[in-house]
Amino acid sequence: MKELRYLKHYPQSVQAQVRHLIEHDGLKKYLLKKYPNPHAMRSDKSLFSYTSDLKNIYLKKAAPLSKVLYDGKINIIHNALGTHHFISRVQGGKLKAKNEIRIASMFKNIPEQFLEMIVVHELAHFKEKEHSKAFYKLCNHMQENYHQVEFDLRVYLTYRDMFGKMQEWAREK
Ligand SMILES: [Zn+2]
């Protein structure tokens with residue numbers, strides 16, 4: 001079996017468990033049992049309010065969000081799961097910082113916990129630039145099982161690489 005590229009930072013023993021599931025047709029069952037349904041944030045508008053709500057709870061003091069949108073051009077293989085930008089624009093002589101988050105369009109069809117994890121990750125970068133201890137501490141504060149959900153999302157990306165998208169999570173078929 002080829003390398004599990006989304007899971008290569010996990011211990012060998014964990015990767016072996018995933019390989020075992022793959023070999024015994026258990027990957028889909030593992031995912032659907034824990035995450036039976038897709039989220040409902042299908043439009044950029046609903047994604048924006050979902051993200052704002054999380055930001056207002058945990059990162060009230062960070063600069064306001066200017067844009068949150070799904071982006072069909074994000075390549076999740078080379079990039080992270082989403083992207084975040086701090087854009088500085090000169091407006092009427094003043095420099096304004098804008099917070100923008102783009103999330104890969106393929107994440108329209110995933111369970112809410114996965115979307116939450118991605119949004120939490122990108123929001124946390126507004127405060128912590130690097131993937132430091134402080135960064136992951138903040139992620140865990142915003143989503144208590146952050147690490148488990150990130151692992152499961154990576155399991156899904158592995159599944160998707162091998163078998164295509166999860167039909168059970170597709171709203172339009
Ligand atoms: Zn990151």
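So that you can scan it fast, the table gives a plain yes or no per residue for (1) part of a helix (DSSP H, G or I); (2) modelled with pLDDT under 85; (3) more than 21 Å from Met166 (Cα to Cα):
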| position | (1), (2), (3) |
| --- | --- |
| Tyr6 | yes, no, no |
| His9 | no, no, yes |
| Arg19 | yes, no, no |
| Leu31 | yes, no, no |
| Pro36 | no, no, no |
| Thr83 | no, yes, yes |
| Glu100 | no, no, yes |
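Taken as a whole, the structure leaves Glu116 outside the set of residues that are away from the ligand (no atom under 16 Å from the Cβ) and among the charged types (D, E, K, R).
I need the full set of residues from region 11-44 which are open to solvent by 60 Å² or more (accessible area, probe 1.4 Å) and farther than 25 Å from Glu168 by Cβ, in order please. Result: Pro11, Gln12, Ser13.
Is region 130-139 home to any residue that is part of a strand (DSSP E or B) and modelled with pLDDT under 90?
First, pick out the residues of region 130-139 that are part of a strand (DSSP E or B): none.
No.
Note on region 140-173: residues that are within 13 Å of the chain's Cα centre (by Cα), polar (S, T, N, Q) and assigned to a helix (DSSP H, G or I) total 1.
Residue under question is Asn145, and the condition is that it be modelled with pLDDT of 90 or more and away from the ligand (no atom under 13 Å from the Cβ); does it hold?
Details: modelled with pLDDT of 90 or more: yes; away from the ligand (no atom under 13 Å from the Cβ): yes.
So Asn145 passes the test.
Could you grab me the full set of residues in region 122-155 that are acidic (Asp, Glu) and open to solvent by 10 Å² or more (accessible area, probe 1.4 Å)?
Here is the first cut: in region 122-155, the ones acidic (Asp, Glu) are 122, 128, 130, 144, 150, 152.
Correct list: Glu128, Glu130, Glu144, Glu150.
Taking the conditions (1) aliphatic (A, V, I, L, M); (2) modelled with pLDDT of 85 or more; (3) open to solvent by less than 30 Å² (accessible area, probe 1.4 Å) in turn, Ile74 satisfies each one other than (2). Within region 45-69, if we keep just the residues that are over 18 Å from the mean Cα position of the chain (by Cα) and open to solvent by 60 Å² or more (accessible area, probe 1.4 Å), the residue that is farthest from Thr158 (Cα to Cα) turns out to be Lys61.
The values are calculated or read from the model by the stated rules, or taken from the named source; none is laboratory data. In this text, all values refer to a predicted model and were calculated from it rather than measured experimentally. Positions of Cβ are backbone-derived with ideal geometry, glycine not excepted, and every protein chain shown enters the neighbour counts. With ligands, DNA and RNA removed, areas are computed over all heavy atoms of the protein, side chains included. Shrake-Rupley method; radii C 1.70, N 1.55, O 1.52, S 1.80 Å.
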